[in-house]
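First up is the structure itself, then whatever we jot down about it.
The values are calculated or read from the model by the stated rules, or taken from the named source; none is laboratory data. Being a predicted model, the structure only gives us computed values, none of them experimental. Here the Cβ positions follow ideal geometry from the backbone for every residue, glycine too, while neighbour counts run over all protein chains shown.
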Amino acid sequence: MSKEQVISAYQQAKQVFEKYGVDTEKALETLKSVPISIHCWQGDDVKGFESPDVALTGGIQTTGNYPGAARTPTELRADMEKALSLIPGKKRVNLHAIYLDTDESVERDQIKPEHFARWVEWAKAQDLGLDFNPTFFSHPKSDDGLTLSHPDEEIREFWINHLKASRKVSEYFGRELGSPSFMNIWIPDGMKDQPVDRLGPRQRLADSLDKGLAEKIDTAYHVDAVESKLFGIGAEAYTVGSNEFYLAYASTRGTALCLDAGHFHPTEVISDKISACSLFVKNLQLHVTRPIRWDSDHVVAFDDETQAIMREIVRNELLDRVAIGLDFFDASINRIAAWVIGTRNAQKALLKALLEPTAQLKAAEASFDYTTRLGLMEEAHSLPWSAVWDYYCQQNDVAVGFDWIKDVKDYEATILEVR
């Protein structure tokens, strides 16, 4: 499609949306201002650069053997640059502690801001914000499947110190880059079979979190978030950090709450949780992913739940309180393409939500006109939102439609296949 055709299609779409009381220009301005936090671990299959000898643990599995996984921080940043160049709008990058970039060997309880300075320099050059995660898996001291809830005080103390150190790294990101770093806390702690004591580990976890988060840090630079999970490989029977635990913790301690789309029952969705949690938790963080039967972290699709998530944020005017991030890792396809597909789908879903005739829908509902509500909701799916998306891509100088795949394939042939 030529540039002129894209503009013409947009102008026609703009007129259609005006009939429904929707301002496409306002929707595009809003979309342009909302960052999507893109996770670095899609690029190397969650291995990190801490040690090549540590096996991936914590119930995390990456399947597939597609060639070209990043082996160094430099390669990972180059791969992300290629992906970012094909994604419109505002972006952030989300790092785990195991992605430190340093020439020395550093234990996790000793990580410091300087071990991530090269990431900050890169983020400044790319005009990106950075987010962070302490890494409570793939380490000898997590081999028992327990970290912050471990009965051994010395092991527990090690992980508390890792949490403290991670917060300082996150604060450093915020100070250097001028926007708060969301630091998400997820631990793999749980039991493979039914435990006798369910309370004790949760008491230890609450105490460890209280100690690790005791130092007050300005939320202009750093925001703590906690993330639950239903179960994991090796923790099928019992997860210490359950949804109830972390919802209560976030609401009583003032942290943000992270909702991961793959961390609940197979028929349970996070779109329904957003409004409920927003009443009791100030800030929410989302890990948008695509679970297939379990927390399998497939590449985000433009599916019903992704669209429902974005509609809930927009309908309830929560864009200023919800940090949208992604979390998937697929080693069976080109990893750069995975970033591009998943992020563009999240943005498409957000744009479609911004173009919904929300005012008319709410008016129909308020007057108990459920016939109009249903009819309008369904007709809205057919409105020409895709023409607005193509225009947005063109305005941001990124490929319209499927044209981006050629860039990915060229990069694969010249860079990835050489690795």
Scan segment 325-338 and report the pairs whose first residue is in contact (Cβ under 8 Å) with a residue 60 or more places away in the chain and basic (Lys, Arg) and whose second residue is buried (at least 22 other Cβ atoms within 10 Å of the Cβ) and assigned to a helix (DSSP H, G or I), with Cβ atoms within less than 6 Å and a gap of 6+ or a chain change.
-> ARG335/GLN42
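Give me the residue from segment 157-203 that is of a type in the set (Gly, Ala, Ser) and not in a loop (DSSP other than H, G, I, E, B) and, out of that set, nearest to LYS91 (Cα to Cα). I'd like the intermediate steps shown before the answer.
Narrowing segment 157-203 to residues of a type in the set (Gly, Ala, Ser): 165-166, 170, 174, 178-179, 181, 190, 200.
Then drop every residue that is not not in a loop (DSSP other than H, G, I, E, B), which leaves 165-166, 170, 174, 181, 190, 200.
Working: ALA165: 25, SER166: 22, SER170: 17, GLY174: 15, SER181: 13, GLY190: 34, GLY200: 41 Å.
Here the answer is SER181.
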Quick check, is ILE187 more than 18 Å from CYS258 (Cβ to Cβ) and of a type outside the set (D, E, K, R)?
-> no
Taking segment 9-27 and the residues there that are touching a residue at least 60 places away in the same chain (Cβ under 8 Å), outside any helix (DSSP H, G or I) and not small (Gly, Ala, Ser), the one that is surrounded by the fewest Cβ atoms within 10 Å (Cβ to Cβ) would be TYR20
List the pairs whose first member sits in segment 218-235 and is over 22 Å from ILE324 (Cβ atoms), whose second member is in a strand (DSSP E or B), and whose Cβ atoms are under 8 Å apart, counting only residues at least 6 apart or on separate chains?
-> PHE231/GLY190; PHE231/THR239; GLY232/GLY190; GLY232/THR239; GLY234/GLY190; ALA235/GLY190; ALA235/MET191
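Would it be correct to say that ALA225 is assigned to a helix (DSSP H, G or I) and at pLDDT 95 or above?
On the way: assigned to a helix (DSSP H, G or I): no; at pLDDT 95 or above: yes.
Spelling it out, it is not the case that ALA225 is assigned to a helix (DSSP H, G or I) and at pLDDT 95 or above.
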Taking the residues in segment 33-60 that are assigned to a loop (DSSP other than H, G, I, E, B) and touching a strand residue (DSSP E or B) at 6+ places or on another chain (Cβ under 9 Å) as candidates, determine which candidate is farthest from LEU284 (Cα to Cα).
-> GLY48
Of the residues in segment 61-113, those that are polar (S, T, N, Q), outside any loop (DSSP other than H, G, I, E, B) and either under 25 Å from ASN345 (Cα atoms) or touching a Cys at 6+ places or on another chain (Cβ under 6 Å) (or both) number 1
Sole residue being closer than 30 Å to VAL388 by Cα, out of contact with any strand residue (DSSP E or B) (no Cβ under 6 Å at 6 or more places or on another chain) and in contact (Cβ under 8 Å) with a residue 40 or more places away in the chain, chosen from LYS112, LYS82 | LYS82
Some residue of segment 27-42 being under 16 Å from the mean Cα position of the chain (by Cα), more than 26 Å from VAL400 (Cβ to Cβ) and of a type outside the set (D, E, K, R) = yes
Quick check: anything in segment 140-161 under 26 Å from SER37 (Cα atoms), in contact (Cβ under 8 Å) with a residue 60 or more places away in the chain and not aliphatic (A, V, I, L, M)?
-> no
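Just for segment 228-254: of the residues that are assigned to a loop (DSSP other than H, G, I, E, B) and surrounded by fewer than 22 Cβ atoms within 10 Å (Cβ to Cβ), which one is farthest from the chain's Cα centre (by Cα)?
From segment 228-254, those assigned to a loop (DSSP other than H, G, I, E, B) are 228-231, 233-234, 236-237, 240-242, 254; that's our starting set.
Next, only the ones that are surrounded by fewer than 22 Cβ atoms within 10 Å (Cβ to Cβ) stay: 230-231, 233-234, 236-237, 242, 254.
Values: LEU230: 18, PHE231: 19, ILE233: 21, GLY234: 24, GLU236: 24, ALA237: 26, SER242: 19, GLY254: 20 Å.
Filtering first and then ranking leaves ALA237.
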PHE328 is checked against (1) more than 15 Å from the chain's Cα centre (by Cα); (2) within 25 Å of ASP224 (Cα to Cα) and fails just one. What number does that condition carry?
-> (1)
Does THR30 count as in contact (Cβ under 8 Å) with a residue 24 or more places away in the chain and either in a loop (DSSP other than H, G, I, E, B) or out of contact with any Gly (no Cβ under 8 Å at 6 or more places or on another chain) (or both)?
-> yes
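Among the residues of segment 309-318, write down those that are surrounded by 17 or more Cβ atoms within 10 Å (Cβ to Cβ) and either among the aliphatic types (A, V, I, L, M) or on the phi > 0 side of the Ramachandran plot (or both).
We begin by selecting, within segment 309-318, every residue surrounded by 17 or more Cβ atoms within 10 Å (Cβ to Cβ); these are 309-314.
Once the filter is applied, which keeps residues that are surrounded by 17 or more Cβ atoms within 10 Å (Cβ to Cβ) and either among the aliphatic types (A, V, I, L, M) or on the phi > 0 side of the Ramachandran plot (or both), segment 309-318 yields ILE309, MET310, ILE313, VAL314.
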